Amino acid sequence: MSLNTTPRGQRLHIAIFGRRNAGKSSLINALTNQDVAIVSDVPGTTTDPVYKSMEILPIGPVVIIDTAGIDDTGELGELRIRKTLDVFKKADLALLVVDPGQGSGADGEDRYGYEREVVARARNENVNVIGVINKADLYAGQDLDVSAWSGGLGIPCVAVSALKRQGIEELKRLIVQFAPKDWTAPTIVGDLIAPGDLVILVIPIDKAAPRGRLILPQQQVIRDVLESDAVAVMVKERELRHVMENLAGKPRLVITDSSVFMKAAADTPQDVLFTSFSILFARFKGDLVALAAGIRAVDDLKPGDRVLIAEACTHHAVEDDIGRVKIPRWLRQAAGGDITFDVVSGGDMLPENLNDYKLVVHCGACMLNRREMLSRIMQAQGAGVPIVNYGVLMAHIHGVLRRALSPFPAALAALGTGGEEDEAAELELLKKMPLVSQIAGKIKI
């Protein structure tokens, strides 16, 4: 992936809902001014949510989510409707497409029945909805009375013809108006640095990354540093000390990969801000304070407990995979016995049986948008299960969490007082790690 390509997780996610043959796919083509969605007169052409990354001017980079009809029928239809409504967990904004000729209200039928269900679900998920009264080229008069539709559904509406591509600019204006202002954080690291600052990025060569590439979070942080008019210097962990000793002055910030926390912490002066890519993304994509607070559950793990490892993407697990090998090994060592680990991967929500787990350990979420990650955090909180992410957990396991959270006072406060008792507990946990205990005394916690 190139540096100038906006990752899916940073795009505004717009979900398209409506009955079968309401013109959802035609609307996507009209919005993008391209034939990117299959259009057919056969009802039910779209059977599962389809994600399309694209640009919509002047909105910018988006992901359009095309869904199955909300009036689908039969046993399979019910499953499709359920999948369609689950899309709200990933949506930043919803467009509800209406064919005025569908649902005439005859024989006591609620004209807005299916559409009301979508609006109710959207409100429950705190997602704004725009009504798109489609096929304006076929209807007139009362059928296209935008105020009537808006009043009936309780949402802002606009009349368009997706086929003739009429009314699309007005729809775009509504999208800009009603899109959430905080659908993604404005910056990953820019608020921690100033123009001209030096930022050192400690980047081991990741076996899971394709040869010749940096992994996505590293690319995004580099881009963010450059856009902040600061200077980014990339080193492997073995070169960090040498670079530090040969600088004319100290860097403003050191950002490390979590896999080399201890080495990078040892080689970074105490008066230099220090954190990790994963912790930065915990803040950028979700709720760092909640993830920091969840770390308390790690110290309470006991043999026999169950832990869920949640990965946002599917990838080929390498020999010493962080989520599937290293973290389970560290947590078993910390708990002093065997713990059962389950792994889920991909973009779906967390499993419904979260009450079976003592802890959820989530990846850095570089492939999720902020709504998705916040939804997962809220899902865990709703089940009463603490949740942490890889970076927060690994910093804690290696005894450097307080230092790695030092740029973020609110997250640091979520850990507790930070007194001698807390520091002693961190050191005791560190000593349980056979692989790192030999150098524990060399690092200032």
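The values are calculated or read from the model by the stated rules, or taken from the named source; none is laboratory data. This is a predicted model, so every value here is computed, not measured. Here Cβ is always computed from backbone atoms with ideal geometry, including for glycine, and neighbour counts include all displayed protein chains. Areas reflect the complete protein model, heavy atoms only, side chains present, ligands, DNA and RNA absent. Shrake-Rupley method; radii C 1.70, N 1.55, O 1.52, S 1.80 Å.
Estimated at the nearest 10 Å², the accessible area of Asp338 is 100 Å² with a 1.4 Å probe.
Put Lys358, Lys135 in order of accessible area, highest first, and with a 1.4 Å probe you get Lys358, Lys135. Computed from the Cβ-Cβ distance with R0 of 41 Å, the FRET efficiency linking Arg296 to Val176 stands at 0.50. Restricting the calculation to Cα atoms, the range 254-308 shows an Rg/Rh of 1.06 when the hydrodynamic-style radius is the Kirkwood one.
Solvent-accessible surface of protein heavy atoms, probed at 1.4 angstrom with all chains present, puts Asp321, Asp197 in the order Asp197, Asp321, largest first. Per-residue 3J(HN,Hα) values for the range 380-385, derived from phi via the Karplus relation 6.51 cos²θ - 1.76 cosθ + 1.60 with θ = phi - 60°, read 5, 4, x, 8, x, 10 Hz in sequence order (x marks Gly and Pro).
Taking label points 7 Å from Cα along the Cα-to-Cβ direction, Gln102 and Ser147 give a separation of 2.7 nm. If you sort Tyr390, Tyr139 by accessible surface, 1.4 Å probe, largest first, the order is Tyr139, Tyr390. Using the Cβ-Cβ distance between Val243 and Asp320 with R0 set to 22 Å, the FRET efficiency works out to roughly 0.25.
Among the protein heavy atoms, those of Ile70 account for about 10 Å² of accessible surface (1.4 Å probe, every chain in place). Shape analysis of the range 210-357 yields a ratio of the Cα radius of gyration to the Kirkwood radius, Rg/Rh, of 1.00.
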